[in-house]
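Chemist: My questions all concern the structure below.
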Amino acid sequence: MSFNEDSAVKKAKQDLAERLGVSESEVRLSSVENREFPDMSLGAPARDEMAAQMIASGWKIVLENGGKNYEYRADKYQLRLKDYKGENHVVVY
């Protein structure tokens with residue numbers, strides 16, 4: 001799968017709604033911004049993951065539900081959820 005900004009936001013909203021057990025319409029986009037990340041894990045490595053140390057360009061996506069913010073990171077190849085319940089998660093790779 002190849003992402004652009006819009007498709008990454010859409011997939012992030014779907015993922016968060018599923019994780020929280022809410023309707024996708026209850027998940028609100030707070031912000032999305034272009035970002036350069038320090039490595040190929042987008043600065044959000046999953047447990048025991050090794051990542052190539054190359055700058056990766058993508059998007060920082062912040063979603064909101066119930067007064068709480070959730071941070072996703074994406075590039076054109078992957079989508080990650082950062083620090084959800086104390087861990088980083090690879091959503092799509």
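The values are calculated or read from the model by the stated rules, or taken from the named source; none is laboratory data. This is a predicted model, so every value here is computed, not measured. Here Cβ is always computed from backbone atoms with ideal geometry, including for glycine, and neighbour counts include all displayed protein chains.
Chemist: Can you tell me which residues in the range 76-91 are in contact (Cβ under 8 Å) with a residue 24 or more places away in the chain, out of contact with any helix residue (DSSP H, G or I) (no Cβ under 8 Å at 6 or more places or on another chain) and either buried (at least 17 other Cβ atoms within 10 Å of the Cβ) or more than 11 Å from GLY58 (Cα to Cα) (or both)?
Modeler: Answer for the range 76-91, where residues must be in contact (Cβ under 8 Å) with a residue 24 or more places away in the chain, out of contact with any helix residue (DSSP H, G or I) (no Cβ under 8 Å at 6 or more places or on another chain) and either buried (at least 17 other Cβ atoms within 10 Å of the Cβ) or more than 11 Å from GLY58 (Cα to Cα) (or both): GLN78, ARG80, LYS82, ASP83, GLU87, ASN88, HIS89, VAL90.
Chemist: Here's something else I'd like to know. Mind telling me which of the residues ASN69, ASN65 ends up being under 18 Å from VAL91 (Cβ atoms), at pLDDT 95 or above and exposed (fewer than 12 other Cβ atoms within 10 Å of the Cβ)?
Modeler: ASN69 is the lone residue from the list that is under 18 Å from VAL91 (Cβ atoms), at pLDDT 95 or above and exposed (fewer than 12 other Cβ atoms within 10 Å of the Cβ).
Chemist: So which of ARG80, ARG47, ARG73 ends up being on the phi < 0 side of the Ramachandran plot and touching a Gly at 6+ places or on another chain (Cβ under 7 Å)?
Modeler: ARG73
Chemist: Also, I was wondering about something else. Being of a type in the set (Ser, Thr, Tyr) and without any contact (Cβ under 8 Å) to a residue 24 or more places away in the chain narrows it down to one of SER2, SER31, SER57, so name that one.
Modeler: Step by step, each of SER2, SER31, SER57 is checked, and only SER57 is of a type in the set (Ser, Thr, Tyr) and without any contact (Cβ under 8 Å) to a residue 24 or more places away in the chain.
Chemist: May I ask you to list the residues in the range 19-51 that are exposed (fewer than 12 other Cβ atoms within 10 Å of the Cβ), out of contact with any strand residue (DSSP E or B) (no Cβ under 9 Å at 6 or more places or on another chain) and either of a type in the set (Val, Ile, Thr) or at pLDDT 95 or above (or both)?
Modeler: Listed by number, the residues that qualify are GLY21, SER23, SER25.
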